[in-house]
Structure formats: C-alpha cells, structure tokens
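J.: Here it is: the structure, laid out below.
The values are calculated or read from the model by the stated rules, or taken from the named source; none is laboratory data. As the structure is a prediction and not an experimental result, all values here were calculated from the model. Reconstructed Cβ throughout: ideal geometry from the backbone, glycine too, with neighbour counts over all protein chains shown.
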Amino acid sequence: MNERLLIALLTAINFTQMCDFVVMMPLGPQLTKAFAIAPSQFAVAVSAYTFSSAVAAVLGAFLIDRFERKRALIAVYVGFIIATLACALAPDFPLLVLARCAAGAFGGLLGALIMAIIADVVPYARRGAAMGVVMSAFALASVVGVPFGVWIAGWLGWHATFIAIAAVATATLAAVALTMTRLTGHLVTERRPAQAAVVAVLRAPRAWLAFAFTASLVCAGFLVIPFIAIYLSRNLGVSDTELGFVYLCGGALALITSPLIGRLADRYGKHRVFTIMAVIAMGPTLALTHLPPLALPAILAVTTAFIVCGSGRFVPAMALISATVPPQLRGTFMSLNSATQSAASGAAVVVAGLVIGPTGAQAPLQHYGTLGWMSCAAALLALILVRRLERAPVGTAGPAGLAAEV
C-alpha cells in the first residue's frame, strides 16, 4: 500500500493512544472530585496504565511476530477502544482502575505493533523519518487532544472525554480496515526465535546502562507531571478551562522547539545538548513545584518552560539510546526500553503519591516542592549515567558479536 497513507494511519492510531494516556493527568481535579479520592489514590489509576503497558510491551516482544500485522493491529485496536469506553462507563474508582489496566495493556501492544509495521514496510534509509512522524503523535496529543479533552470534560463531564477518544479511534479503525493491506512478509522470512534476541540484549552491559538512564530520565518527569493539574487547580486556583491552555501553550511551543533541539544535537553532539537541556530543565521544575498563586500568564510561562525543557531533553536522549545496540537487535531493545519507560513512569507516580500522602478530596497538595527536588535528583542521576553510556562499549564482542547471537 501507499507508504504515506500507512504512516498517516499509524500516526492516527498512535495519536488516539497517546490522548488516552496523557489526558488522564489533566483530568485529575475532576476525577478526584467525582470519586472523592485523594491524590495518592489517583496516582494508582495513572500508574495502573503504565504498569500494564510495560507488561504488554514485554509480552509483545515474544508474540507480535506470530500474527499477520493487519489482523493483529485491528484486534488489539478493538480491545483498546472497548477498554477506553469502559473507562468512560466506570461507575466507581476500582472499576476505573481496572479499565485503565486494560487500556494500558492494549496501548502497550499497539506501540509494539506500530514500531514493527514501520520496520517491516519502511526501508531503513527512510525509517527514522517515518518513526519521527509517528512519534510526533505525542506532541500532537498535547497540543490538540489534551486541551480539547479538558474542555470537553469541563462542558460535558469527564466521561465525555473518553467517549470522544473512543469515537475518534473507531473512525480510525474503519479507515485501517478499509485501506490497509495485509502484511505477511515477516511470516515468510526465516527468523530465529525471539527469545534469542531478548537474551542477546539482556547480556549487553550497555543495554542495562541505557535502561537505567531511561528509568532515571522518566522518573525525573513523572515525579512531577501527573500532579500538575491537581496542584494548579487546588493550590493556585486555576480553573478547568484554564488548564486546557496550560497544555495547549506548552505542547504548541514544544512542537516548534523539539525539531530545533534535534538539529542542535546533530550539529553539536547529542551528549552535550542533552546535558545542557537536563540542567536547564531543573529551573522550571523547581519553579513549577514551588509556584505561589500568580496571574494566569505568569503560570503559563512557568508551565510552558517546564513542558518545553522536559520534552527537549528527551530528544537527544532518545537519539543516544537508539545507538545502544546494533541494528539487528534494535527492535527488541526498543521494545524492552519501552517497557522500562512504562514501568519507571508507573513507579514514579506511585512514589509521588506516597510523598504527597493522604489529602482531602479538595485540600491543597502537600510536599509538591519535595517532588521537585526529587525530580532534580533523578535528572542528576541521568546526567551521570549518560556519561557512562557514551563511554561504554557496545558489547564485549562488539556489534558483530552481539548480532551473531540472533
């Protein structure tokens, strides 16, 4: 099929999955009111998605190559849509958490399938650009999905946000079913067992450094991000409508700055640019987590700087991580790294909820400033690990030796 059409379809799927993930956090103020839960309990709902996504990503490394791509994609996407509708219809908090677990599992499998399809169809010379387009769905979700999701929730209630995501996903599913051709090339190509690639990656010391680097960087973000909306709402008096502008402004500027940061990383060195961005990001992190009541423009300036710097450090970081193992192992490694990212984000949310502690349904957040300092400590750990990652050899046997294991 037409390559551009396929990339557009995969981007649309990734967009709906990213919306489903990121919109949960700005809905925090409404959900804590609706279910009369504390922020620490809300953290459970957020981390449930990421933990189940991590498990699914690991399983996907072993299973997704056994099925025809289109059929697998449609089956998993249908499950994702049903799980998202279950979130909208959840009558109580325990069922919402269960629905989020299901959505996270299907979301994790979707991510693995999307990357596998790109690797199957797009030649290596154009694969980086293709992945860049598909991964831009995260920024697009921040610019379009989250603000509109928050505004829909403010107008019709939080249920309506998940219904809207499911509706867009259903339309995307119809387009996939009607226009995408069957993809069976991976079924006729002779392959060694997937377990061999997993073992080869896990035996590479540099891969473990990359996993630790990823975990520390994700923790630096997710110790703070899940509670931004609740903090702004309860502590600073930002309304649900105004919360939409927080994500709109930050996401829109990040769409502009992220490619620029990528070009700077290519020109001046990925390690150098990451170091600069990681250090700069500590300023907005501490400013946001210690922010006093201010006018909305001042709040938007701080939150926008936090989003731009936080996303900006990920650009050179992902480029560094992608070179961890030889191309023959990259797909398996990226699946395992995705699982690491999901697990680390879930763990960070749980820890953040414990630090904040029990809080009344409408009481201001406590100890958010502590989370800011913990985030900076995680970022410092990432700075230490990235130096070791850059200097570490690819493997004791080198790229060829690692590749030979699969």
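J.: Go through 4, 71 for me and flag whichever is at pLDDT below 85, closer than 19 Å to residue 121 by Cα, not aliphatic (A, V, I, L, M) and not assigned by TED's automatic domain parsing to the domain that holds residue 346.
T.: Details: 71 fails: at pLDDT below 85.
Among 4, 71, only 4 is at pLDDT below 85, closer than 19 Å to residue 121 by Cα, not aliphatic (A, V, I, L, M) and not assigned by TED's automatic domain parsing to the domain that holds residue 346.
J.: Can you name the residue in the range 195-225 that is of a type in the set (S, T, N, Q) and closer than 22 Å to residue 347 by Cβ and is also surrounded by the fewest Cβ atoms within 10 Å (Cβ to Cβ) among such residues?
T.: Among those residues, the one meeting the criterion is 216.
J.: If a residue must be modelled with pLDDT of 85 or more, over 18 Å from the mean Cα position of the chain (by Cα) and among the β-branched types (Val, Ile, Thr), how many such residues does the range 224-260 contain?
T.: Here the count works out to 3.
Per-residue answers, yes or no, for (1) at pLDDT below 85; (2) of a type in the set (Asp, Glu); (3) outside any helix (DSSP H, G or I); (4) in the same structural domain as residue 208 (by TED's automatic domain parsing):
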| position | (1), (2), (3), (4) |
| --- | --- |
| 360 | yes, no, yes, yes |
| 366 | no, no, yes, yes |
| 381 | no, no, no, yes |
| 386 | no, no, no, yes |
| 390 | yes, yes, no, yes |
| 394 | yes, no, yes, yes |
| 400 | yes, no, no, yes |
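Listed here are the residues, each with its yes/no results for (1) closer than 23 Å to residue 261 by Cα; (2) crowded, with 19+ Cβ neighbours inside 10 Å; (3) in contact with a strand residue (DSSP E or B) (Cβ under 6 Å, 6 or more places away or on another chain); (4) modelled with pLDDT under 80.
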{"residue": "299", "(1), (2), (3), (4)": "no, yes, no, no"}
{"residue": "305", "(1), (2), (3), (4)": "yes, yes, no, no"}
{"residue": "316", "(1), (2), (3), (4)": "yes, yes, no, no"}
{"residue": "322", "(1), (2), (3), (4)": "yes, no, no, yes"}
{"residue": "325", "(1), (2), (3), (4)": "no, yes, no, yes"}
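J.: Checking residue 17 against (1) farther than 22 Å from residue 233 by Cβ; (2) surrounded by 20 or more Cβ atoms within 10 Å (Cβ to Cβ); (3) more than 15 Å from the chain's Cα centre (by Cα), which single condition isn't satisfied?
T.: So residue 17 meets the others, but not (3).
J.: Among all residue pairs at least 6 apart or on different chains, which show Cβ distances below 9 Å where the first residue, located in the range 85-103, is outside the structural domain of residue 54 (by TED's automatic domain parsing) and more than 13 Å from residue 159 (Cα to Cα) and the second is of a type in the set (A, V, I, L, M) and surrounded by fewer than 18 Cβ atoms within 10 Å (Cβ to Cβ)?
T.: Correct list of pairs: empty, since none qualify.
J.: Being charged (D, E, K, R), modelled with pLDDT of 80 or more and outside any helix (DSSP H, G or I), is that true of even one residue in the range 200-207?
T.: So in the range 200-207, the residues charged (D, E, K, R) come out as 203, 206.
Pick out the ones that are also modelled with pLDDT of 80 or more and you get 203, 206.
Then keep just the ones that are outside any helix (DSSP H, G or I); that gives 203.
Taking every residue of the range 200-207 in turn, at least one turns out to be charged (D, E, K, R), modelled with pLDDT of 80 or more and outside any helix (DSSP H, G or I).
J.: Just give me the residues in the range 262-276 being at pLDDT 85 or above, of a type in the set (A, V, I, L, M) and either in contact with a Pro (Cβ under 8 Å, 6 or more places away or on another chain) or outside the structural domain of residue 315 (by TED's automatic domain parsing) (or both), in sequence order.
T.: Within the range 262-276, 273 is the sole residue that qualifies.
J.: Could you count how many residues in the range 1-34 are out of contact with any helix residue (DSSP H, G or I) (no Cβ under 7 Å at 6 or more places or on another chain) and part of a helix (DSSP H, G or I)?
T.: Summing the residues that are out of contact with any helix residue (DSSP H, G or I) (no Cβ under 7 Å at 6 or more places or on another chain) and part of a helix (DSSP H, G or I) in the range 1-34 gives 3.
J.: Tell me which of these residue 91 doesn't satisfy, since it passes every other one: (1) more than 22 Å from residue 349 (Cβ to Cβ); (2) in a helix (DSSP H, G or I).
T.: Just one mismatch for residue 91, condition (2).
J.: Further question on the same structure: Any idea which of 37, 74 is farther than 22 Å from residue 166 by Cα and either assigned to a helix (DSSP H, G or I) or hydrophobic (A, V, I, L, M, F, W, C) (or both)?
T.: On the way: 74 fails: farther than 22 Å from residue 166 by Cα.
Exactly one residue qualifies, and that residue is 37.
J.: Still on this model: Would it be correct to say that residue 86 is under 30 Å from residue 242 (Cβ atoms), surrounded by fewer than 22 Cβ atoms within 10 Å (Cβ to Cβ) and modelled with pLDDT of 95 or more?
T.: Details: under 30 Å from residue 242 (Cβ atoms): yes; surrounded by fewer than 22 Cβ atoms within 10 Å (Cβ to Cβ): yes; modelled with pLDDT of 95 or more: yes.
The answer is yes for residue 86.
J.: Only one of (1) out of contact with any helix residue (DSSP H, G or I) (no Cβ under 8 Å at 6 or more places or on another chain); (2) more than 24 Å from residue 373 (Cα to Cα) fails for residue 333. Which number is that?
T.: It is condition (1) that residue 333 fails.
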